[in-house]
Amino acid sequence: MTEVRVAGVGLTRFGSHPERTGRDLFAEAAASAFMDAGVDPDAVDELNYGNFMGALTEHQGHQAPLMAEAAGLACPATRYEEACASAGVAVREAVRTVRSGEADVVLAGGMERMTHLDTDGATEGLAIAADDLFEVRAGMTFPGAYALMARAYFEAYGGSREDLAHVAAKNHANAVPNEYAQYRREVSVEEALDSPPVASPLHLYDACPITDGASALVIVSADYADEHDLDAPVAVTGSGQGADRMTLADRDHLART
């Protein structure tokens, strides 16, 4: 088994980019990752690309080869779709590929572009990650699904809306110094508690916003890093992927996954 290293990372600013396309956003992230890694695009053996909503939001399927072209690559490209975990699974598969010795350099990352949709369109697009037959047709949305899980968690383990408000305040505080973050302003616990309800017990600052953005990592084998004198001190020592029943009604426990 080959040791896996992260040679470089790149990402765009997250937020609203109405004038840009998805391929443009991913190209920016990829270029930044290559520059950070000191790796030429010609060295890439594979592209692992994560995207969930592109076929709906940009009317563009078959995105992996399109993104490879945008990133200046001439290599096999595969798209991974696992809802919110799409790019994470793309990175995990890149790690597995390099660790197995099948490739020395893999570009992994993802892109989503959603802010040009209205609220109904974005809500409908996100809802397709739920079970259409048994949930979506009954009116389930993702804020509604997570509200049900939050209520079940409070029932099983305790907790309150104030606990969630502290999480929102912490997240916004972390975003302030981050030049890539979508909303760079602090939100107090009181503001979070007083924000408009979305789906009880979740309020506005408990729900993630829609956004446009992309990120990319250059994953390399330790041998390749040493041979090419790359500064790649970060090793990926493990990765994991779990599963549960997709429909909430079929799960043994709503309070955990």
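Can you name the condition, by its number, that residue 186 falls short on among (1) open to solvent by less than 80 Å² (accessible area, probe 1.4 Å); (2) touching a residue at least 12 places away in the same chain (Cβ under 8 Å)?
Failed condition: (1).
In a helix (DSSP H, G or I), closer than 28 Å to residue 9 by Cα and of a type outside the set (Lys, Arg): does that describe residue 88? Reasoning before the result, please.
Numbers: in a helix (DSSP H, G or I): yes; closer than 28 Å to residue 9 by Cα: yes; of a type outside the set (Lys, Arg): yes.
Yes: the conditions hold for residue 88.
Please list, ordered by first then second residue, the pairs with beta carbon atoms under 6 Å, 6 or more apart or interchain, first in region 192-212 and touching a residue at least 40 places away in the same chain (Cβ under 8 Å), second of a type in the set (Phe, Trp, Tyr) and buried (at least 16 other Cβ atoms within 10 Å of the Cβ).
Partner pairs satisfying both residue conditions: 211/14.
Any chance you could count how many residues in region 53-74 are on the phi < 0 side of the Ramachandran plot and open to solvent by 30 Å² or more (accessible area, probe 1.4 Å)? Spell out the reasoning first.
In the first step, residues of region 53-74 are kept if they are on the phi < 0 side of the Ramachandran plot; the result is 53-58, 60-61, 63-71, 73-74.
In the following step, the residues that additionally are open to solvent by 30 Å² or more (accessible area, probe 1.4 Å) were identified as 55-56, 58, 60-61, 65-66, 69-70, 74.
The number of residues fulfilling the criteria is 10.
Which residues, counting only those in region 24-52, are hydroxyl-bearing (Ser, Thr, Tyr) and open to solvent by 30 Å² or more (accessible area, probe 1.4 Å)?
Within region 24-52, just 32 meets the criteria.
Among (1) crowded, with 16+ Cβ neighbours inside 10 Å; (2) more than 26 Å from residue 210 (Cβ to Cβ); (3) modelled with pLDDT of 95 or more, there is one condition residue 2 misses while meeting the rest; what is its number?
Failed condition: (3).
From the set of residues in region 5-23 that are open to solvent by 60 Å² or more (accessible area, probe 1.4 Å) and touching a residue at least 40 places away in the same chain (Cβ under 8 Å), which is farthest from residue 109 (Cα to Cα)?
Taking region 5-23 and keeping what is open to solvent by 60 Å² or more (accessible area, probe 1.4 Å), we get 9, 13, 16, 18-19, 21, 23.
Those still in the list that are touching a residue at least 40 places away in the same chain (Cβ under 8 Å) too: 9, 13, 16, 18, 21, 23.
On the way: 9: 9, 13: 15, 16: 19, 18: 21, 21: 16, 23: 12 Å.
Result: 18.
Answer with yes or no whether residue 109 is under 18 Å from residue 61 (Cβ atoms) and open to solvent by less than 50 Å² (accessible area, probe 1.4 Å).
Judged against the criteria, residue 109 is not a match.
The values are calculated or read from the model by the stated rules, or taken from the named source; none is laboratory data. Because the structure is predicted, anything quoted here is derived from the model rather than measured. Virtual Cβ from ideal backbone geometry, glycine too; neighbours counted across all protein chains shown. Just so you know, the surface numbers come from the protein's heavy atoms only, side chains and all, with ligands and any DNA or RNA stripped out. Shrake-Rupley method; radii C 1.70, N 1.55, O 1.52, S 1.80 Å.
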